[in-house]
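Derivation of every value follows stated rules applied to the coordinates shown; laboratory data play no part. Worth saying up front: this structure is predicted, and the values here are computed from it rather than measured. Neighbour counts are summed over all protein chains in view; Cβ atoms, including those assigned to glycine, are modelled from backbone coordinates with ideal geometry.
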Amino acid sequence: MMYSNLSKGYPTFTHFPAEDQEMWFRQFAQEFTSNPDHTNFIRDAFVHKVMDNYGKQIYEWKQKWLINQADENDSEPVDDFVLMKTAHTNKHTGEIDDGVLRDVLSLIETQKEDEETRLSQLQTDMDATSTASTNLSRIQINEIVESSVPKKKRRLVGLGRRARSVPPSAPQPYVDPEVLMDQLKDKDDRIAALEQKMADQEAGWEETRKQNEQMMEMMKRMYPNEQFP
């Protein structure tokens, strides 16, 4: 089962054309003298295993691509928000398939808009005739990403790197404490909801992993003389 047999790259095994999926299965099945009565069962076990292995390989390639993207921007900070959106957007649908990451990016977008609105209002209060831009710098955007993205084993979800201590980009102007506390509570509530969603998602993955292991054990019992990966 060589990746070079594919005419182009695909994000997941389920995106393969039907003929390529069949070719991969036949390359696997021809190594075994399986009972035709068990073909469908073996096919199901094969598909589950290939989906898992192929997904892991694509993830590894994507992480290497992210590192290369960061290296190309060594003269200035990489926009972590854009990086996350680019890496996790399905190229075919233009949507983010992972529900947790979709909610994370929505939270960051809201935080960005709130900060830009606050800066615009502050600028207007100080000088109503000012036309200076209120667009956030990359450092400011990355600070929002750092504070908004849930952490898993001290790594930022969706970026795969360790959380870093980002120094404030500039002294912060006065903000009403009650407004600030409301904003912080809202953000904390949303992050807590995202972390719970991550935990539920991981529980589902664990259940799928157990099912795959059970199927593999059944195949080993059916064919004790064969070697399985």
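For the listed peptides 81-88, 202-209, a ranking on the average number of other beta carbons within 10 Å per residue, highest first, reads 81-88, 202-209.
Pairs from the list Lys85/Lys153; Lys112/Lys151; Lys56/Lys91; Lys151/Lys220 with a Cα-Cα gap above 30 Å: Lys151/Lys220. In this structure, the amide hydrogen of Lys152, modeled 1.01 Å from its nitrogen in the peptide plane, lies closer than 5 angstrom to those of Val157, counting only residues at least 5 positions away or on a different chain.
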